[in-house]
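Note sheet for the following structure.
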Amino acid sequence: MNVLIKYDISYTCKAILQEQLQKLEMDYRIIGLNEIEFKKAPTTSQIEQLKSDFLHYGIEIIDNQRTALVQKIKDTIIEMVWKENNLPSITTSMHLAEKLNHSYGYLSNLFSEVTFTTIENFIIFQKIERAKNMIINEDFTLTEISYELNYSSVAHLSNQFKKTTGLTPSAFQRIVKIKRENRSSS
Amino acid sequence: MSNKPLRILLADDDDDDRTFFKEALEDIKIKTIVTIVNDGIELMEFLNNPSELLPDVIFLDLNMPRKNGIQCLEEIRKDERLKELTVAIYSTSGAERDIEETFVKGANVYIKKPNDFTALKKVVEEAMRINWQFHTSCLNKDTFMLSI
């Protein structure tokens with residue numbers, strides 16, 4: 001005997017989503033057909049749980065949102081490091097958490113998962129990039145650079161420069177200078 | 001930001017070094033696709049073959065017969081199509097003069113070949129990690145220099 005059935009796909013999906021989401025015991029809202037809003041950001045492990053629960057029904061959580069958030073973290077750091085004048089007086093972690101509306105712990109875990117590096121290392125990396133830029137483009141002294149980038153001393157800046165690039169600031173400066181001379185003479 | 005594997009091209013004439021390098025890459029977190037050539041001539045043939053995809057990073061042994069690493073580096077930097085490629089020099093010398101000279105000639109990374117496998121894995125991962133940052137953050141490649 002054959003029985004005919006009929007269903008509304010969006011109604012069915014919504015029911016499945018609700019069923020699974022309730023397991024998390026969190027405040028949520030389903031927006032349209034493919035977006036879920038959480039009142040409080042789920043932890044990475046809750047997301048993982050949801051991912052595997054959803055997968056059973058062939059529903060996938062799109063990771064793009066995670067990469068989009070990582071991009072926002074990067075943008076915020078770059079803005080902080082590269083803008084004129086000193087870095088803000090509040091700590092980076094507070095600034096990121098406030099601006100992006102997630103706990104720093106969540107942001108930090110997410111960042112490490114996606115980029116193969118930590119937020120702290122990324123900040124150092126960007127600061128050294130800016131230091132390089134100042135060394136070659138604007139003829140700043142190391143003292144000025146260390147002040148601008150909030151290093152406690154020139155030695156601290158030099159050490160971090162050497163640790164990040166393998167070169168001392170003066171070796172770097174020398175290499176860039178020779179490269180430029182070679183380029184203009186050829 | 002993509003999670004596509006990075007394409008690596010290794011040029012090294014030493015059989016053991018090639019094997020170690022390949023194993024080191026297999027062990028790190030960043031996903032890679034590795035192509036290996038045996039010397040500088042083969043490297044330039046590969047790069048100049050328009051049907052081959054260009055790699056994201058080239059690891060170049062300094063001492064190779066027929067055409068050495070520095071010669072390859074110079075050719076790469078003079079070629080309009082190739083000059084933006086990231087080049088990592090891979091050498092047994094740790095002399096400061098050799099290091100500076102390769103950077104002046106346009107290398108991005110200088111790796112002193114370590115003696116043991118654990119150390120090799122570490123430096124290869126570090127090189128890939130930093131390169132990844134440049135790859136995904138549109139940074140100034142001209143001042144991308146890393147000596148490890």
For segment B:124-148, how many residues meet the condition of being more than 10 Å from chain A (Cβ to nearest Cβ) and open to solvent by less than 30 Å² (accessible area, probe 1.4 Å)?
3
May I ask you to verify whether A:THR91 is of a type in the set (Val, Ile, Thr), at pLDDT below 85 and open to solvent by less than 50 Å² (accessible area, probe 1.4 Å)?
no
Just give me the residues in segment B:99-117 being assigned to a helix (DSSP H, G or I) and either within 14 Å of the chain's Cα centre (by Cα) or over 14 Å from B:PHE21 (Cβ atoms) (or both), in sequence order.
B:ILE99, B:GLU100, B:GLU101, B:THR102, B:PHE103, B:VAL104
Mind checking which residues of segment A:135-160 are surrounded by 16 or more Cβ atoms within 10 Å (Cβ to Cβ) and within 11 Å of another protein chain (Cβ to nearest Cβ)?
A:ILE135, A:ILE136
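Yes/no per residue for (1) of a type in the set (Ser, Thr, Tyr); (2) closer than 30 Å to A:THR143 by Cα; (3) touching a residue at least 60 places away in the same chain (Cβ under 8 Å); (4) open to solvent by 70 Å² or more (accessible area, probe 1.4 Å):
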{"position": "A:GLN65", "(1), (2), (3), (4)": "no, no, no, yes"}
{"position": "A:LEU69", "(1), (2), (3), (4)": "no, no, no, no"}
{"position": "A:ILE77", "(1), (2), (3), (4)": "no, yes, no, no"}
{"position": "A:GLN126", "(1), (2), (3), (4)": "no, yes, no, no"}
Got a sec? Which of B:ASN38, B:ASN48 is open to solvent by 60 Å² or more (accessible area, probe 1.4 Å), within 14 Å of the chain's Cα centre (by Cα) and of a type outside the set (Gly, Ala, Ser)?
B:ASN38
Going by what's in this entry, would B:LYS105 be described as open to solvent by 10 Å² or more (accessible area, probe 1.4 Å), of a type outside the set (S, T, N, Q) and more than 13 Å from every other protein chain (Cβ to nearest Cβ)?
no
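The values are calculated or read from the model by the stated rules, or taken from the named source; none is laboratory data. On a predicted model such as this, the values are computed, not experimentally measured, just so you know. A quick note on method: Cβ atoms are made from the backbone with ideal geometry, for glycine too, and the neighbour counts reach across all protein chains shown. The area values use the complete protein model at the heavy-atom level, side chains included, leaving out ligands, DNA and RNA. Shrake-Rupley method; radii C 1.70, N 1.55, O 1.52, S 1.80 Å.
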